[in-house]
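Asks: Sharing a structure here in structure tokens format.
Every number in this text was worked out from the coordinates using simple rules, so none of it is lab data. Computed from a predicted structure; not experimentally measured. As a convention, Cβ positions derive from the backbone with ideal geometry for all residues, glycine included, and neighbour counts pool all protein chains shown.
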């Protein structure tokens, strides 16, 4: 074991008017999750500045209710995301606020039966008005009724059309901004959200929406041949994280020779006869509160992912165990200060379809 005695911990001195980016630079020379949060900003900055990198962003749980969704809009507007993989909740519950509704600060110590009677849903210490939630769901159903009942949509196709439709109405939600900036959104657990509820409303009006999960997966994996290198950001875990992890190890299955066209960074397992090729992510950031010992993917470490070929053991990999509502605002503001308004060119992958 080698110890680099030059990498000393530096105590942080408190100074007025210090910028967030400057504080993060100091935090990289500390320890624990403060250091990891600071490193996350530096790794994301590297992704943004590397023109060869396609950035995949996983946005899990129900974070849009907590005031995070406009941060995602900012990342999309500046092309700091090339492919967005969210939960259905995160790209529907933001529409409530985009429509003029609101979420209300409350307490987790609450009279929940009374909240039910009053028409409020509780998200830990946030309240959502059920009537506003239903208005949002009805809005999605209204859009569904404009579609072709005989066509099988991928979630990407659906969300691009929906974003354009919302944009025409002046509703600046995540799907709207993604559509404007040609960033494809894939939502693998599409029905597990108000989108599924809206499909039921449409069904009650004799319209049967068809979302083709395999078409979705095929479209998504086809983007690997348009990527030279990949960098990933996981805000939480769940299905979005799994989909992004699989991008590096299963896209080759689309091709007979088990190699992704236009890619020369593939790797093989030396001690196996199989021909499958792996394309591990070069950069990876994970913000999670889940721990690895329970065996779930949400808490899975990058070291474990290396054994699958999902992450590059020599890449820039940083895991920060932190509440996303703490980390995401700090990360985004640190990036904003460091990049000084620089808008990345982006991959504009929607145009491929």
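Asks: Would you mind ranking 180, 8 so that the residue whose beta carbon has the fewest other beta carbons within 10 Å leads the list?
Replies: If I rank by nearby Cβ atoms, fewest first, I get 8, 180.
Asks: Quick one, which of [x] 177; [y] 167; [z] 125 is the actual volume of the Cα convex hull per residue in Å³ calculated for this model?
Replies: [x]
Asks: Compute a Gaussian network model of the chain, connecting alpha carbons closer than 10 Å, and tell me which residue from 286, 68, 245 fluctuates the most.
Replies: Greatest mean-square fluctuation among the candidates belongs to 68.
Asks: Right, another one. Assuming R0 = 35 Å, can you tell me the calculated FRET efficiency for the pair residue 180 and residue 131, based on Cβ-Cβ distance, to the nearest 0.05?
Replies: 0.75
Asks: Subtract the Cα-Cα distance of residue 254 and residue 26 from 0.36 nm times their separation in residues, and report this length gain in nm to one decimal.
Replies: 77.6 nm is the gain from fully extending residue 254 to residue 26.
Asks: A further question on this structure: Taking the Cα atoms of the stretch 33-119, report the difference between the largest and smallest coordinate on each principal axis, in whole Å and largest first.
Replies: 54, 31, 18
Asks: Cut-off is 10 Å between beta-carbons; in what order do 129, 94, 252 appear when sorted fewest neighbours first?
Replies: Neighbour counts put them in this order, fewest first: 129, 252, 94.
Asks: Using the number of other C-beta atoms within 10 angstrom as an exposure proxy, rank 287, 228 with the fewest first.
Replies: Sorted ascending by nearby Cβ count, the order is 228, 287.
Asks: Let me ask something else. GNM, the chain, Cα, under 10 Å: largest mean-square fluctuation among 336, 155, 307?
Replies: 307
Asks: Under 25 °C and 0.890 mPa s, how fast does the stretch 158-256 diffuse according to Stokes-Einstein, given a Kirkwood radius computed over C-alpha pairs? Answer in µm²/s, whole number.
Replies: Rounded, D is 160 µm²/s.
Asks: Would you work out the relative contact order for the stretch 20-352, in percent, from Cα pairs under 8 angstrom that are 6 or more residues apart?
Replies: The normalised contact order for the stretch 20-352 reaches 25 percent.
Asks: Whole-Å semi-axes of the stretch 79-147's equivalent ellipsoid, largest first, each the root of 5 times a Cα gyration tensor eigenvalue?
Replies: Gyration-tensor ellipsoid for the stretch 79-147: 26, 17, 9 Å.
Asks: Which residue fluctuates most in the GNM of the chain (Cα springs below 10 Å): 311, 117, 303?
Replies: 117
Asks: In addition: Arranged from highest to lowest average of other beta-carbon atoms within 10 Å per residue, in what order do the peptides 55-61, 20-26 appear?
Replies: 55-61, 20-26
Asks: Multiplying the sequence separation of residue 49 and residue 122 by 0.36 nm and subtracting their Cα-Cα distance, what value in nm do you get?
Replies: Using 0.36 nm per residue and subtracting the Cα-Cα distance, I get 22.3 nm.
Asks: Mind pulling the per residue volume of the convex hull built on the Cα atoms of the stretch 117-211? Å³ is fine.
Replies: 118 Å³
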